[in-house]
Amino acid sequence: MNNPVISVITPTYNSAEYINRFIDNFNKANQKGIAELILVDDGSRDNTITLIKQRISPNDQIKLLTQDHQFQSAARNLGMKYASGDYYLFLDADDTFDPEFFNILLNNSENNDLVICGINRVLQDNTLVLNKSVLEGYQSKNKIAKRFLIDRDQMDSGLWNKLFKANIIKENNLSFTNKNFVEDILFVFKYLMTINPSKIKFIHKPLYVYYQNSGTTTTTYYPELDSLAKSYIDQVRKCLIKNHIKNENLLTINTAIRTEIYVIHRHILGDNRWNALKQKAFVKSLKTQFTNTQFLPFKYKVGLLTMQYLPATYIKIYQLYKRVH
């Protein structure tokens with residue numbers, strides 16, 4: 001195989017239902033032979049590995065790595081160790097993408113350090129088109145940091161719609177940390193803080209299709225969640241200080257509140273012990289710790305008030321909301 005320009009790094013875990021579709025999608029997008037596919041199996045218990053091996057041939061552009069079940073952060077880090085491309089794409093095995101995905105991203109990479117394209121976000125009953133980044137139009141790291149940490153949407157925070165430069169990742173020792181809690185958001189944020197905002201290229205066309213499935217690590221609750229949230233906030237704070245970002249303390253406070261609201265939502269959806277009293281106490285502790293919500297969007301301020309003073313109502317409304325979103 002010729003040296004690839006793009007390394008596509010994809011974790012798999014019990015992905016038998018999707019893996020053939022994903023490999024077919026890769027092959028269609030890679031007709032020019034510019035990419036390699038590194039599949040990192042994270043301890044699948046179904047026949048994912050068997051299906052992958054059936055698709056690999058000598059001199060193929062597909063590699064298979066395996067590890068014990070350690071979740072997607074460890075899988076992506078392992079994939080990067082074996083990647084040989086000049087650019088990295090981090091894709092999910094249960095998603096799909098445009099046949100011109102690789103070509104369009106690569107054609108827009110010249111003189112740029114990051115290429116971001118639009119996405120189609122597929123929900124249970126409808127599809128949302130996200131093609132306008134909150135980062136677009138800003139030329140300072142101070143603005144980029146605030147917009148990303150406070151105002152981001154999935155087009156901004158997701159890994160899968162971004163073409164990263166391998167040398168920037170290597171030179172800055174970037175890797176996926178914080179286990180499986182917002183590790184993608186943290187990685188993208190750290191990468192953004194290493195580059196010049198003027199070297200971000202935005203493509204409005206939605207080239208990637210993200211399927212939001214229930215029961216994934218982005219929607220489930222587990223006991224370690226609360227400590228991982230605090231770890232994320234601490235890593236964000238250290239990154240802000242390292243890069244001399246203005247209003248570092250305010251940004252950290254408001255990032256913390258947004259993150260803890262996300263944690264509350266995970267409690268509501270997956271913690272059987274969660275109730276109105278626990279939520280009220282949790283929010284009260286937040287408002288005691290973090291008194292300045294200057295950067296927080298209005299909807300989060302309203303959410304905090306409702307969570308605390310009408311906790312049972314908020315829980316019911318959010319549960320109903322998630323059934324259709």
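The values are calculated or read from the model by the stated rules, or taken from the named source; none is laboratory data. These figures come from a predicted structure and were not determined experimentally. Cβ atoms come from the backbone with ideal geometry, glycine included; neighbour counts cover every protein chain shown.
I'd like the full set of residues that are under 13 Å from LYS162 (Cα atoms) and outside any helix (DSSP H, G or I), limited to the range 103-116.
Result: ASN108, SER109, ASN112, ASP113, LEU114, VAL115, ILE116.
Residue pairs, Cβ under 7 Å, 6 or more apart or interchain, first in the range 249-268 and farther than 11 Å from LEU296 by Cβ, second hydroxyl-bearing (Ser, Thr, Tyr) and in a helix (DSSP H, G or I). List them.
Pairs found: THR259/TYR232; HIS265/TYR318; ILE268/TYR318.
Out of (1) touching a Leu at 6+ places or on another chain (Cβ under 8 Å); (2) in contact (Cβ under 8 Å) with a residue 24 or more places away in the chain, what's the single condition that is false for LYS53?
(2)
Read through the list (1) modelled with pLDDT under 95; (2) within 30 Å of PHE202 (Cα to Cα); (3) of a type outside the set (Gly, Ala, Ser); (4) not in a loop (DSSP other than H, G, I, E, B), then give the number of the only condition that ASN25 fails.
Going through the list (1) modelled with pLDDT under 95; (2) within 30 Å of PHE202 (Cα to Cα); (3) of a type outside the set (Gly, Ala, Ser); (4) not in a loop (DSSP other than H, G, I, E, B), ASN25 breaks only (1).
Applying the selection to the range 167-212, what residues are at positive phi and either free of Cβ contacts under 8 Å to residues at least 24 places away in the same chain or outside any loop (DSSP other than H, G, I, E, B) (or both)?
Of everything in the range 167-212, just one residue is at positive phi and either free of Cβ contacts under 8 Å to residues at least 24 places away in the same chain or outside any loop (DSSP other than H, G, I, E, B) (or both), namely ASN173.
Restricting to the range 117-151, name every residue that is in a loop (DSSP other than H, G, I, E, B) and either polar (S, T, N, Q) or not assigned by TED's automatic domain parsing to the domain that holds ASP98 (or both).
GLN124, ASN126, ASN131, SER133, GLN139, SER140
Residues in the range 246-256: is at least one under 19 Å from the mean Cα position of the chain (by Cα) and either in a loop (DSSP other than H, G, I, E, B) or of a type in the set (A, V, I, L, M) (or both)?
The answer is yes, given that some residue of the range 246-256 is under 19 Å from the mean Cα position of the chain (by Cα) and either in a loop (DSSP other than H, G, I, E, B) or of a type in the set (A, V, I, L, M) (or both).
Can you say whether LYS301 is charged (D, E, K, R), free of Cβ contacts under 8 Å to residues at least 40 places away in the same chain and farther than 22 Å from LYS230 by Cα, as far as the supplied structure shows?
no
Residues that are surrounded by fewer than 15 Cβ atoms within 10 Å (Cβ to Cβ), of a type in the set (Lys, Arg) and closer than 25 Å to PHE148 by Cβ: does the range 291-312 have at least one?
Yes; the residues of the range 291-312 include at least one that is surrounded by fewer than 15 Cβ atoms within 10 Å (Cβ to Cβ), of a type in the set (Lys, Arg) and closer than 25 Å to PHE148 by Cβ.
Go through the residues of the range 215-225 one by one and say whether even a single one is in contact (Cβ under 8 Å) with a residue 60 or more places away in the chain and either in a helix (DSSP H, G or I) or touching a Ser or Thr at 6+ places or on another chain (Cβ under 8 Å) (or both).
no
Of all residues being of a type in the set (Gly, Ala, Ser) and within 22 Å of SER231 (Cα to Cα) in the range 140-182, which is surrounded by the fewest Cβ atoms within 10 Å (Cβ to Cβ)? Just the residue, please.
It comes out as SER175.
Is there any pair linking a residue in the range 74-98 that is in contact (Cβ under 8 Å) with a residue 40 or more places away in the chain to one that is among the basic types (Lys, Arg) and buried (at least 22 other Cβ atoms within 10 Å of the Cβ), with Cβ under 7 Å and at least six apart or on different chains, and which?
PHE90/ARG76
Give the residue, chosen from GLY118, GLY85, that is in contact with a helix residue (DSSP H, G or I) (Cβ under 7 Å, 6 or more places away or on another chain) and over 18 Å from PRO4 (Cβ atoms).
GLY118
Out of the residues in the range 304-321 meeting the condition of being in contact with a helix residue (DSSP H, G or I) (Cβ under 6 Å, 6 or more places away or on another chain) and within 25 Å of GLN124 (Cα to Cα), tell me which one is modelled with the lowest pLDDT.
The extreme case among them is TYR318.
Kindly provide the set of residues from the range 1-42 that are crowded, with 23+ Cβ neighbours inside 10 Å, over 17 Å from HIS69 (Cβ atoms), within 21 Å of the chain's Cα centre (by Cα) and free of Cβ contacts under 8 Å to residues at least 60 places away in the same chain, ordered by number.
Matches in the range 1-42: LEU37, ILE38.
With (1) closer than 24 Å to ALA256 by Cβ; (2) surrounded by fewer than 16 Cβ atoms within 10 Å (Cβ to Cβ); (3) of a type outside the set (A, V, I, L, M, F, W, C); (4) not assigned by TED's automatic domain parsing to the domain that holds GLU248 as the list, and SER198 as the residue in question, which single condition is left unmet?
(1)
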